[in-house]
Structure formats: structure tokens, C-alpha cells
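The structure appears right after this line, and notes come after that.
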Amino acid sequence: MTIYKFLRLFTHLQFRNQFRVIRNSQYKNIFRNLHESPKLYVKMFMEHENKYAYNIMQNQGYAVNINFEDSKMLITKHSIQDLLSQDWSKNISKNIFETFPILGALCAEQNLCITDKMFDDFIDNLTDNLKVASDDELKSIFYSLLKWPETESIRSRNYIEVWAALDDECLRRINRWSYDEMLTYVTLFYMLNVTRVSDFSYKCLLKLSGKAKKLTPAQLVKTMFFIGVQRKSPKDIHNLEVCITDHFDKFTVDELAIISMGFFKSKTPIRNMELVTNLANKIIDNSTSIHEISLAALLKIIRYSMKITTDDTIYKLLDKLQYEVPRLSVMCNVHIALVGTSTLTLHEGCLNAIADMVSTSMSQTRLKDLERLALTFGTFNFKPQSEDFISIMLHELRKPERESEINLHGRSFACCIAYLGLLALYPKDLMYKALHPAFLEKTYGKHCIAYGREILTLNNTAKIFCKDSKISQLTDKELIIMAKKYTDYVPDENYVKQYNVTERMFLDVLNILREARGNDFVKGGHILTHHQRGDIILCNDQKGSAMPVGDKFDNKYFGLTRYPPDDHIWIVLVIGGRNSFIRNTKTPSGQFKSKIRELNTLGFCAELISWEVLRKCETKEAKLEYLNNLIEGAIKNK
């Protein structure tokens, strides 16, 4: 095996599996040397949110205390040189296990890291003897490893050898351990910050999720916590959801927050809407006392899980939380603002309170949070009562002090500017900055395929609303490549596919209009390629008679922003699915309202078809009458 092949093995995502093969092989020294490459370092950290959640479990008394105070060891009679000079291959395992923390304490005093080559032989003997260690001795190795000075990476020389050997040994013993014992050892791997790469931890969570009905409420909380830490959803996580629903009344609001973190961080939406509603009601009941980290965790999973609602749960939630805005951090308030976007539930009082609070803390607000606020206000077409909010945000984005953050989080900056377009705000200087070739290369790389939809949006809106500016434009080739990436195929009844509700609605409207006007008089196509879905295109002459669309909107110019091809009246009907209007209003959401505005500015007569209205039309005649009224309205209102 060449060192180059070995390097490829090591940097492979499954580096743990390759490590097992070569841990005791002739390539061990090569492997150790590879750890010293700074490019392979994985920084060790423990998330603040996880710390908070684990402290809750500790305070409840059902989690291992990992915030222990290190007791001072009697090490004056020992020296590192004397200990390492011994032949540990001929020593008994008990002595090796007892010496490991002593070495760690000595090294902590002298600031020597476990990665030093002088410890290689001792670490080899330590890991070779783990198979004869008792469970208590195994635990002691975990704690002993913490006595050493912190390494730069979980893959650092010798450090990886110890925790990987512990991982292997725990896997060997997993079937003889109880649920509590398994969770205890998963906790020890969490203590070492290696939960996400520990095969034992993943196997434990698989077993526990498969036996969810046998778990106590405390075990359910701990299991969901570690699923969140691992950020990987076990296949039987739905079993956990069912049991959590059954035991719901036994959990405190903070425990439910930990459970919510598990679902959200593993990208698992809650299926049971009753459980989601109960979480919202739990917040309402504890709104004045809930900690902001718990509140944010609960709001994240509610937003992630609840897409369609038939009641006013979200509105009642926001109605209660509007009074808590002043005591909460900007980050938490951002999640309050966002929670209504998934169901398009607008609460003006809550958004006004958040805008007032953020206005006074704008300089401390992260760029990522400004991006989310721009998305929220844009989605609801809502400009706060305090008109200064938007101008303060724009002023903040122009500050030289923001330059380093923009360089670091360029995509958030570009998204923020693009979302302001939902409010019909097109700041030319900021758009110029986001579309500048140097900014694009630094943020996304050299190739346009890596550009986000926000860049396509900024390019197209600049072309529509900032014609006289010197804003950089993407090339036609780049636009076509990005359009292929970000647009859906126009639904076609000749193409067999399982279409969703919005696509079936598109085909229904297309067929009704073709029956009335003729096949050549109705066309589906993309005019604005930064919008995902295509639209229905019609044409009338100046007297109101239908005209053939023909091939004037074929795929020859796909990817480019299209203008009306002649002086006839060109009508575009935009399909508005279930989530196209603000809840309990007749106002389109920002995404649809901006699309109508853009189409009208290009010279088309655009109107939005409401799914709610169309589905109530029981006959084709009623649907055609509704569509004809929309067409007339689009022409009059342009």
C-alpha cells in the first residue's frame, strides 16, 4: 500500500472503518504521521445548545455528571521519563490502566499533548489491553483521557487510537448491557466529543429506537438528546415519536425542548400533528417562564413539522409570545418570526414587536438573522409600523464593520438582498456588490452551477427593475445552466408522472382553457426562471379575441427572461397552490406577489389562480367562468 493510497483511505468519509483495519498494522506509523497534517484537523467543540440541554438532564438527576471537578492526583513521586522507560508490554493491565491518568496529569502540568511520539508505545499497550478491562476500568479510561491536555482534533495522533479502541470494545459488549448502561457509555463518548463518529453510539441509538416501548420517559429524553447530537435519524425514530406522544404529560417543557432538538437536528419532522399542536400549547402555558433556548428548540420543530393547519394554534401561540419579545434575544425572536411562515400565519402585533426590538439591537444582530427576518417580512408582504426598521437594516448592511462577516457568510448576504425584493426593495448598490464577479467567485467558487437561486433572482430582478444601473449581469450560458438547475419541468399530461396537487391543478387549468380556446392558443412555459414553477401563457388581440401562442415561448430561449414578443395582449396565469395566500386573507404571499409584480413590469398581464377558489368550482363551466374573469381582471389591472 502506498502512502498516497493510504491518504485516500484516511480521508474517506468512512475513515473509522479503515482505521480499524490498520490500527495495529505495519502502516501504524504512517497513519500517525498523517494526523499531523493541519488540513485533516476536525475542530473539537461542544455546542452551547447541547450543553444547556445536557445540564437540564443532569439537574433532573437521570444523566451522568460530566461537569465533574478534576481531583488532584498525587504525582510528585512520578516522572514521565520513568513511566515511559518501563516495558509496558510485560506489565499487567491493571497497572497500565492506573498509570494512564497519572501520565495525563503529569502532561497537563508540563503542557505535553498525547499526540507526542513518546507516548506511542504506551498507547499501543493500553489499547491492546482494553479487551481484558472490567466495565469500571473501561469507564476510568474515558475519564482518564480527559486529564490530558486537549488535542486539536478528534483524529489527532494517539487520541484517535484510544477512543477508537474504546468504541470497538464497547461494541463488543453492547449486547450484555442494559438500556441505562448503554446510555451511560454513549454519554462517555459525548464527553469526548466523538458521538457523531462513534459506531457504538449509533448502534445503541438504533437498538433503543427499536425498543422504544420499553423505555422510560427519562430514557426517551436521553435517547432523543443523543440523536440530536449525532444528527442522524435512526430508521425506527417513528417508534420514539409514538412513545413520546403517549408519555407527553410526563415531560416538562424543557424536556420537550430536548426531544424537539433531537427531531430537528436529525432532520426528522414530527408526523403526528396532534403532538405538534400539544408542543405549541405547552409553550402557551409556559410562555412567561420558558427559557429562550428551550423556546427556540420547540419553535424550530413546530415550524419544520407543521406545513398545513386547519386551526388557529399558531396564531394563538404568536398572540401569547408577542408580550415576551422584549425579554428574549434577537436569535430567539427570529425563530418566533419564522414560526408563522410555514403555515403563512401572519400576526402583525408580533412582527411589529420584533421589528422594534431588533431595531435597537441591529448592530449586534447576525447577518444570518437579518437574512431570516428579510425572508419573514418578505413572505408576509409586511412592512413594520416602524418604517425605520427596513432603512436601519439597509444602513447596517452597508456598514464597513459588516465587511468581514459578509466575506465569511456571503451567501447569507446575497439571500438577504434577494428577500428584500419580496418587499419591492431593490437597493442597487447592494445588488451590485452581490453580483460582482469577485464576490461570486469568493462566495460560491468559479463555476455558476454552484450559485444559489438567490443569485439568479438578483440577476433577473436587476434586469427588470434596475435597467439603467451598472449591475453586473450573468451571461446567457450561465443563466441557462442555472435555470435548468432551479426550475421544474412544466407538467405534461403526455408524460406519465405522479403529479402533486399544484401540478394537477396546472394540468386541469391547461385542459379547460385549451378546450375553450384551442390547443395552439394556450401554452405552459417559464418566463421568470428564478421562480421554480412554470406558468400558463395566453394571448389576445387588442379587441379581446384569442390569438395563437404558437412557438413564441418554446424552449429555444429557455433560461432567459422573456418579454412579450409583439404588441398583442399577453396574459400569464400563475398557479397558486395551497400555500399561495396568507392564511385567512386574500393576499398572496410575498413569493407570488413579487412574481405578479415582475411579470407586469415586463409587460405581461398577470394574475394568480387561487387553489381555494378553483377547487370549489364543481363543473368545468364554473371553472372556465372563474378563469375568464381572472383574465379580464389581469388585463384591466395591469
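The values are calculated or read from the model by the stated rules, or taken from the named source; none is laboratory data. Not measured: the values here are computed from a predicted model. Glycine gets a Cβ as well: all are built from the backbone with ideal geometry, and neighbour counts include every protein chain shown. Calculation scope for accessible area: heavy atoms of the full protein, side chains included, ligands and nucleic acids excluded. Shrake-Rupley method; radii C 1.70, N 1.55, O 1.52, S 1.80 Å.
Overview of values
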read-out: Count of the range 506-543 residues which are in contact (Cβ under 8 Å) with a residue 40 or more places away in the chain, outside any helix (DSSP H, G or I) and of a type in the set (Asp, Glu); value: 1
read-out: Of all residues making up the range 600-638, the number that are polar (S, T, N, Q) and closer than 18 Å to residue 576 by Cα; value: 4
read-out: Some residue of the range 327-346 being basic (Lys, Arg), open to solvent by 30 Å² or more (accessible area, probe 1.4 Å) and within 18 Å of the chain's Cα centre (by Cα); value: no
read-out: Given (1) assigned to a loop (DSSP other than H, G, I, E, B); (2) in contact with a helix residue (DSSP H, G or I) (Cβ under 9 Å, 6 or more places away or on another chain), index of the condition residue 307 fails; value: (2)
read-out: Subset of the range 586-622 [open to solvent by 40 Å² or more (accessible area, probe 1.4 Å), of a type outside the set (Phe, Trp, Tyr) and assigned to a helix (DSSP H, G or I)]; value: 591, 593, 597, 600, 601, 612, 613, 615, 616, 620, 621
read-out: Residues that are over 20 Å from the mean Cα position of the chain (by Cα) and in a loop (DSSP other than H, G, I, E, B), drawn from the range 352-380; value: 360, 361, 380
read-out: Restricting the range 519-554 to residues that are open to solvent by less than 20 Å² (accessible area, probe 1.4 Å) and more than 35 Å from the chain's Cα centre (by Cα), the residue that is farthest from residue 620 (Cα to Cα); value: 553
read-out: Conditions (1) within 23 Å of residue 592 (Cα to Cα); (2) open to solvent by less than 50 Å² (accessible area, probe 1.4 Å); number of the one not met by residue 419; value: (2)
read-out: Among (1) closer than 22 Å to residue 485 by Cα; (2) out of contact with any helix residue (DSSP H, G or I) (no Cβ under 6 Å at 6 or more places or on another chain); (3) assigned to a helix (DSSP H, G or I); (4) open to solvent by 20 Å² or more (accessible area, probe 1.4 Å) - the single one residue 440 does not satisfy; value: (4)
read-out: Enumeration of residues in the range 460-515 that are open to solvent by 70 Å² or more (accessible area, probe 1.4 Å), within 28 Å of the chain's Cα centre (by Cα) and among the aromatic types (Phe, Trp, Tyr); value: 489
read-out: Conditions (1) open to solvent by 50 Å² or more (accessible area, probe 1.4 Å); (2) of a type in the set (D, E, K, R); (3) touching a strand residue (DSSP E or B) at 6+ places or on another chain (Cβ under 9 Å); (4) at pLDDT 90 or above: number failed by residue 638; value: (4)
read-out: Residue that is nearest to residue 198 (Cα to Cα) [pool: residues in the range 229-280 that are among the aliphatic types (A, V, I, L, M) and open to solvent by 30 Å² or more (accessible area, probe 1.4 Å)]; value: 242
